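Below you'll find the structure I mean.
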Amino acid sequence: MARESMVLKSPLAWLVKASLLGTAIGLGVHAALGGPLWNPLQSVLIGVIFSLVMWGGFDLLHTPMERLPRHWSAAHIGLFSVAWLLLLYVVLLALSIGLVRLATGINFLHLRAVLIYSGLAGLAASGIIGLKETVEHHVQAERSLAQAEARASFLGLQAQLQPHTLFNALNTIAALIPQDPRLAEEATERLSALLRQILGALEQPEWPLQGEFDLLLHLLRLEELRFGDRLTFELHLDPAMAELPIQPLLLLPLVENALKHGFRSKVGPCHLRIQAQDGRIRIEDDGVGRRADAPEGVGLRTVRERLLATGGSLVWPAVEQGCAVEVRLA
């Protein structure tokens, strides 16, 4: 989990920002000291030199967290980080002072008050940089862990999605064969189309929301043969969200959950509505409803974990009849 260097990623943008920061620091120090030691142009040059050297040095030679031995304790890592920052600061300070002398002829070593002031200010800045690095490292580590857990959940989902969907469809086909062979043949064709899409989805880290809606349409057309005239459904996808990239098979467990738990024990017509708009995807049914304290099964828990890993969320809005679940994307 190597940290990306801004100096290497965008050198021109960094140079401009560091120069502007150095200019502001130089003019600020010149105004604060009353300008008795050097002129404003020298102050700006000194500020730019310090900014370029300090910022660039800390950016390129940051604490090598990713290369530290894995068996080190948190205390050892903390001590190493502090020692590294102090050593780096001393080296960069000496380099800055040397470059200032070459560029302006000013020797900070003969200006004890300025040297002490610069040293204390630099130590404070180093502490802030060290704290930023530590927080950034821990945030990146937590996000990487969450993504790894979501990926593991997705791999588990791959192992159970196909058999689950396949068994439901095969039961439908088996029930139709003696009653209506033509419908059984149609169900087989619809199952084939659905499984082709699932296999295609599992090969991609993400795909457009339109692809997910197409897959859901295949599933619902297959389920129509099982429910008969009892099942009606609506799919509404805002064109502005059609190409929005999402994790594949994210919505499939939610729709299957509505079909299984919302409609299985319901007598009479069943209606399902799936709508994607304003960055949210809502799946609502008029089934038997869901208890507020009902635990989430493996499928729902996997969807929630996958969403959390990418900054999204899964919520259960209150509805008068049936059940609604809302996917909020990052």
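The values are calculated or read from the model by the stated rules, or taken from the named source; none is laboratory data. Quick caveat, the model's predicted, so the values are computed rather than measured. Using ideal geometry, Cβ is built from the backbone for each residue, glycine included, and neighbour counts are taken over all protein chains shown.
Starting from region 57-68, take each residue that is surrounded by fewer than 18 Cβ atoms within 10 Å (Cβ to Cβ) and list its partners that are modelled with pLDDT of 80 or more and not in a loop (DSSP other than H, G, I, E, B), counting only C-beta distances under 7 angstrom and pairs at least six apart or across chains.
Close Cβ pairs (under 7 Å, with a partner that is modelled with pLDDT of 80 or more and not in a loop (DSSP other than H, G, I, E, B)) amount to L61/L88; L68/F80.
S96: at pLDDT below 60, closer than 21 Å to G26 by Cα and surrounded by 14 or more Cβ atoms within 10 Å (Cβ to Cβ), yes or no?
It is false that S96 is at pLDDT below 60, closer than 21 Å to G26 by Cα and surrounded by 14 or more Cβ atoms within 10 Å (Cβ to Cβ).
Another question, then. Filter region 293-313 for residues that are within 21 Å of L237 (Cβ to Cβ) and not in a strand (DSSP E or B) and give the result.
Within region 293-313, V303, R306, L307, T310, G312 meet the criteria.
Would you pick out the residues in region 256-278 that are under 27 Å from the mean Cα position of the chain (by Cα) and either of a type in the set (S, T, Y) or on the phi > 0 side of the Ramachandran plot (or both)?
Of all residues in region 256-278, those under 27 Å from the mean Cα position of the chain (by Cα) come to 256-257, 274-278.
Passing the criteria: only D278.
Pairs please, first residue from region 209-229 and under 22 Å from E243 (Cβ atoms), second anywhere and polar (S, T, N, Q), Cβ atoms under 7 Å, 6+ apart in sequence or on different chains.
Within 7 Å, the pairs are D214/Q197; L215/Q197; H218/Q197.
Oh, and also: Please state which one of A24, A2 is of a type in the set (G, A, S), at negative phi and at pLDDT 80 or above. Step through it out loud before you land on a result.
Numbers: A2 fails: at pLDDT 80 or above.
Within the list A24, A2, the selection yields A24.
Yes or no, residue by residue, for (1) over 29 Å from S192 (Cβ atoms); (2) touching a Ser or Thr at 6+ places or on another chain (Cβ under 8 Å); (3) buried (at least 21 other Cβ atoms within 10 Å of the Cβ); (4) modelled with pLDDT of 85 or more:
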{"residue": "L231", "(1), (2), (3), (4)": "no, no, no, yes"}
{"residue": "L244", "(1), (2), (3), (4)": "no, no, no, yes"}
{"residue": "A258", "(1), (2), (3), (4)": "no, no, yes, yes"}
{"residue": "R273", "(1), (2), (3), (4)": "no, no, no, yes"}
{"residue": "G279", "(1), (2), (3), (4)": "yes, no, no, yes"}
{"residue": "R290", "(1), (2), (3), (4)": "yes, no, no, no"}
{"residue": "V315", "(1), (2), (3), (4)": "yes, no, no, yes"}
{"residue": "Q321", "(1), (2), (3), (4)": "yes, no, no, yes"}
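Quick one: which residue in L307, L235, L249 is at pLDDT 90 or above, surrounded by 14 or more Cβ atoms within 10 Å (Cβ to Cβ) and hydrophobic (A, V, I, L, M, F, W, C)?
Unique residue meeting the criteria: L235.
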